[in-house]
Amino acid sequence: MIIDIHFVGLVITSIMASAVPLILASCGELITERSGVLNLGVEGMMIIGAISGFALMTITGSLFIAVIGAMLGGVLISTIFAFLTQTLITNHVATGLALTIFGIGISAMIGKNFVGIPGKEFPILFESLKDTIPFLSPILFGHSIVFYFAFALPFFTNYFLKKTKIGLIVRAVGDSPDSASNQGINVKLVRYSCILYGGAMCGLAGGYLSMIYTPQWIENMTGGRGWIALALVVFSTWNPIKILIGAMIFGGLTIIQFHMQAMGVRIPVQFLTALPYIVTIVVLVIISRDSRKIRLSTPSSLGKSFYKDN
Amino acid sequence: MEEKLIKFIKRDQPSQAMFFLTPVLAILLTLITGGLIFYILGFKPFEALKFFFIVPIADMYGLSELFLKATPLCLIAIGLSFCFKSNNWNIGAEGQLTFGAIVSGGVALLFYNQEGFYILPIVILAGAIGGMLYASIPAILKTYFNTNEILVSLMLVYVSKLILDYLVVGPWSNPEGFNFPETRQFSESARLPILFEGLRIHAGIFLALAAVVASWFIFDKTYLGFQMKVSGFSLKTAKYAGYKGKKMIILVFLISGACAGLAGVGEITGPIGQLHREVSPDYGFTAIIVAFLGRLHPVGIIFSSLIVAITYLGAETAQIFMQIPKYTGQVFQGMILFFLLASDYLLFFKIKFIGFKK
Amino acid sequence: MHKILTRSLVSSLVFLFTLTVSAVAKDVKAAFVYIGPTGDHGWTYQHDVGRKAVEAAGYKTTYVEGVPESADAERVLRQLANSGHDIIFTTSFGYMNPTNKVAKEFPNVKFEHATGYKREHPNVSSYAARFYEGRAILGTIAGSMTKSNVIGYVASFPIPEVIRGINAFTLAAQKVNPNVKTKIVWAFTWYDPGKESEAAKALIDQGADIIAQHTDSTAIVQIAEKAGVYAFGQASDMDKFAPKAVLTSVENNWGPYYVDRVKAVANGTWSQKNTWHGIGDGMVVISDLDSAIPSDLKAKVKKLQADLASGKVHAFTGPIYGQKGDLMVAEGKTADDGMLAGMMTYVKGVEGDIPN
């Protein structure tokens, strides 16, 4: 069985495309979690982004509006979460779950009239260069702007967290909200912003699925990717660069499974699909064992409500 | 100096009255918002609400379906109340349900062509054990490896569903079933007996009721229950007072796993009668809503399971008679939880009208 | 005198009776239970098209979408039977047991179950379409038009219906092109646009220049369009989703059968049947052939269509050999319905193994 290098390039490209929604959602949730908020509603925000983007694309015909719309959809629904957990100080876990269940339901209701409509052609960049270099050109050229953005995002996020003042503030809020508050930082405002940003990225991830990846709308189309994105954040020990690698692994497992089937290799499909989840648990255990190590990586106040007397 | 119109003042202790009123308030707000959503979508609000909440239970069969749906929700939520009260966030009840169904289904298949009164108890026990085994994973990982139970239990949900899928599509699929993804049908001895002719309520409801009574007794009357409630406030408090924290965590997870596993058995030995690729419409997740809505209290959970069960039935009925999309059920479930969580604010804060001062 | 009186009495009674019956007949209500959304533009969409035909014929209809093949199906069926519906169509295999169970309790309601085989009570009928005849046509086109000699096939579950389709497709393709290879990928879903696109992409990356599918969404033809390869629509005419890629589609045409059965209930002539109709009866329809198909191939396809319809040609005519070289159907003979219904092995020329 000769594997030519160009074919490998095609496979890698498919894996990268599959990883895009995971990278976007995970990087968004990473910022949220770094500020100390555990938002389990990723799946709900993604699916709302998916229907918002697709609906706007179909109604207005403008892809630009649709992409913004996908992000706005995510922002809007995450506002509910932010208001509940930050102002009304509700339980993070329950609120996030409610967000997911509600999101899936409301998106299906809104989306009913959009099922079966073919998506618009999304512009791709550098199309003319697509077949120039073997192996490299399918990877580098011929993708949508969202694709390129997704692969740049981990680096931007990393830089933001490590080298910018706001990034430091976010981390301070996440690691020690009480002392941050005592230093005059408005913890609520920082967390609100991080939650909304996470919502925007998750919404964009959903929009990518419905407008570029498939492209069509069907209820529940995120298919559990939101939960995988949540796992990815922990899997990567809250490190954006590792999210990139993790997303490729998670996305890749499905793609590789199909390729192996097409090549006639018998593989247990369900086992391969379960592998990302099992690996995540293993990684979780490993990083949690060393309580010092986990203190270094997990935002200490993750999941705990912050209350301050006015 | 202008002062705020409304001020929220923290109460000294949570309001007793609000404890019972807020779920009612949440339900009311949900109905109003639901009616609004129907109106916006172009349906007559009152008619839609009628088909959603009244028509499904208007006859005997409907009522029995309500109890049928509420049974697994109630059972799982009772188990979850043990975990949530003691600050253990078991999000993976759906996985424990599935694994309980797998283990008990496997045992039932062993007896597929046999009769005997002893078969059903073995199957039920197998389901409880299956659920407990599966719940022990996040429990052990939390107590001995310091791993966050939310993510572990959640990831395990998907693993269990994939295991079920693999078994039903593959080795356990009915050899005489042309490779269709379903197992053999269980023998009559492995089925939960129907209580009333013509209705689908089965003996599983007794399991749920037993769980309710047991949990009320434990929480209200035993030292163990007291320990669970206190350890929920803070792990430090629990440790300081000398309670065996780790054993407590494992115990509550086992209880919760057993309940979820039993719910799984109830589904497959009750209405389904075999194993399918899917055995539960996300009961494990919805039960979390039921637990919160019922304030983690056994009696409250009975009521909240009935209310949430109606949202399932109502979504179907509304679809049949008014072509309302079936996802309205989930919208209602999400809204109830949102409003409940939001109105919980009133538990801890008082609204005081101050008026304008210049 | 008596005779004339009796005769006129009888005939006026008969006349009145017919009037009443036909007046009441239009009150027949039909219900349809769908496994997916009507907007899937595939399996469920076509059933709904059939339902609309029943409405156009003057009858009232109800439909319920997205009913899972689980314990909930029974409740939905019961509610429909309980609310004045005279005939209920359950459009997925997994409804077989609930259909039979509920049929027992409502002997006056007629139940029609698609693609199943259990008819445990006289008020239960089964119906299915000979999709494999359509596959034979697709195979002929694919075999002739492929340049890479690699055809991709996205399959759902290894059940007889799917395997039958793969076999019919491959046999027809090999007849026109002995060098053709069929690569099969099992998606283990009937409807999941994300998974289906990934499966199609993998096949395309591995050299397939024509993709066939036995899954329900339009995602695959859309991927084919993007990649510049050809594809076939499934269950419904998918041309508008991928105008360049779709060469033709195999359409399920349930309307005439549905109208027929509802009318039978109205006339009181309904009886238990097991219907398996193909191209000849109009249940399987081939959509317009794309302009990319050369005219001599078009003529060949049209002839094959006519021959299948008239019964002159059978999609499974011997000699047919299994993958291991065993003789499945002897020379000159055709596979009977029993063999077709239980087909669980590949024919020679299909690559790979059937899962489990």
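The values are calculated or read from the model by the stated rules, or taken from the named source; none is laboratory data. Bear in mind that the values here come from a model prediction, so they are computed numbers and not experimental data. Ideal geometry is used to build each Cβ from the backbone, glycine not excepted, and the neighbour counts take in all protein chains shown.
Looking across segment C:198-221, just one residue is at the interface with chain A (Cβ under 9 Å from one of its Cβ atoms), without any contact (Cβ under 8 Å) to a residue 40 or more places away in the chain and within 22 Å of the chain's Cα centre (by Cα), and that is C:Ala219.
Listed here are the helices (runs of 4 or more DSSP H) enclosed by segment B:41-144 that have at least 2 residues being at negative phi and touching a His at 6+ places or on another chain (Cβ under 8 Å): B:60-85. Restricting to segment C:48-72, give me the number of residues that are in contact with a strand residue (DSSP E or B) (Cβ under 7 Å, 6 or more places away or on another chain), away from chain A (no Cβ under 14 Å) and assigned to a helix (DSSP H, G or I). Final tally of qualifying residues: 3. Within segment A:136-189, being without any contact (Cβ under 8 Å) to a residue 12 or more places away in the chain, of a type in the set (S, T, N, Q) and not in a helix (DSSP H, G or I) holds for A:Thr164, A:Gln183, A:Asn186. Among the residues of segment C:70-82, just one is among the acidic types (Asp, Glu) and either within 19 Å of C:Asn108 (Cβ to Cβ) or surrounded by 20 or more Cβ atoms within 10 Å (Cβ to Cβ) (or both), namely C:Glu74. Scanning segment C:241-255 turns up at least one residue that is within 14 Å of another protein chain (Cβ to nearest Cβ) and of a type in the set (Phe, Trp, Tyr).
Hey, among A:Gly226, A:Gly198, A:Gly206, which residue is within 21 Å of A:Cys27 (Cα to Cα), assigned to a helix (DSSP H, G or I), touching a helix residue (DSSP H, G or I) at 6+ places or on another chain (Cβ under 8 Å) and away from chain C (no Cβ under 14 Å)?
A:Gly198
State yes or no: is B:Leu207 within 25 Å of the chain's Cα centre (by Cα) and either without any contact (Cβ under 8 Å) to a residue 12 or more places away in the chain or within 12 Å of another protein chain (Cβ to nearest Cβ) (or both)?
Numbers: within 25 Å of the chain's Cα centre (by Cα): yes; either without any contact (Cβ under 8 Å) to a residue 12 or more places away in the chain or within 12 Å of another protein chain (Cβ to nearest Cβ) (or both): no.
So B:Leu207 does not fit the description; no.
With respect to A:Arg171, is the statement that it is among the basic types (Lys, Arg) and crowded, with 21+ Cβ neighbours inside 10 Å true? No, not satisfied.
Could you please let me know if C:Ala136 is modelled with pLDDT under 95 and either more than 14 Å from chain B (Cβ to nearest Cβ) or assigned to a helix (DSSP H, G or I) (or both)? So C:Ala136 passes the test.
Does segment A:113-124 contain at least one residue that is part of a helix (DSSP H, G or I), within 14 Å of chain B (Cβ to nearest Cβ), surrounded by fewer than 24 Cβ atoms within 10 Å (Cβ to Cβ) and not small (Gly, Ala, Ser)? Spell out the reasoning first.
Here is the first cut: in segment A:113-124, the ones part of a helix (DSSP H, G or I) are A:113-114.
This time we only want the ones that are within 14 Å of chain B (Cβ to nearest Cβ), so: A:113-114.
Cutting the leftovers down to surrounded by fewer than 24 Cβ atoms within 10 Å (Cβ to Cβ) gives us A:113-114.
Those left that are additionally not small (Gly, Ala, Ser): A:113-114.
Among the residues of segment A:113-124, at least one is part of a helix (DSSP H, G or I), within 14 Å of chain B (Cβ to nearest Cβ), surrounded by fewer than 24 Cβ atoms within 10 Å (Cβ to Cβ) and not small (Gly, Ala, Ser), which makes the answer yes.
Identify all residues within segment C:320-356 that are among the hydrophobic types (A, V, I, L, M, F, W, C), away from chain A (no Cβ under 14 Å) and not in a helix (DSSP H, G or I); write none if there are none. If the condition is that a residue be among the hydrophobic types (A, V, I, L, M, F, W, C), away from chain A (no Cβ under 14 Å) and not in a helix (DSSP H, G or I), then C:Ile320, C:Leu327, C:Met328, C:Val329, C:Ala330, C:Ala335, C:Met343, C:Met344, C:Val347 are the ones that fit.
Residues of segment C:83-100 that are closer than 17 Å to C:His121 by Cβ, in contact (Cβ under 8 Å) with a residue 24 or more places away in the chain and either surrounded by fewer than 24 Cβ atoms within 10 Å (Cβ to Cβ) or at the interface with chain B (Cβ under 8 Å from one of its Cβ atoms) (or both): C:His85, C:Asp86, C:Asn100. Screening the candidates B:Leu192, B:Leu199, B:Leu151 for the property of being more than 13 Å from chain A (Cβ to nearest Cβ), of a type in the set (A, V, I, L, M, F, W, C) and crowded, with 23+ Cβ neighbours inside 10 Å yields one hit, B:Leu192.
None of C:Ile204, C:Ile159 is aliphatic (A, V, I, L, M) and at pLDDT below 90 except C:Ile159. Out of curiosity, is C:Lys175 free of Cβ contacts under 8 Å to residues at least 12 places away in the same chain and either away from chain A (no Cβ under 14 Å) or not aromatic (Phe, Trp, Tyr) (or both)? When the stated conditions are applied, C:Lys175 does not pass them. Of the residues screened, A:Ser144 is one that is more than 8 Å from every other protein chain (Cβ to nearest Cβ) and crowded, with 19+ Cβ neighbours inside 10 Å. For B:Ser136, the criteria (1) more than 9 Å from chain A (Cβ to nearest Cβ); (2) of a type outside the set (A, V, I, L, M, F, W, C); (3) touching a residue at least 40 places away in the same chain (Cβ under 8 Å); (4) over 14 Å from B:Ala260 (Cβ atoms) hold in every case but one, which is (4). Among helices (runs of 4 or more DSSP H) entirely within segment B:278-358, having at least 1 residues that are over 16 Å from the mean Cα position of the chain (by Cα) and not hydrophobic (A, V, I, L, M, F, W, C) singles out B:298-322, B:328-343, B:345-348. Considering (1) at pLDDT 85 or above; (2) acidic (Asp, Glu); (3) more than 14 Å from the chain's Cα centre (by Cα), the lone condition that B:Glu267 does not fulfil carries the number (3).
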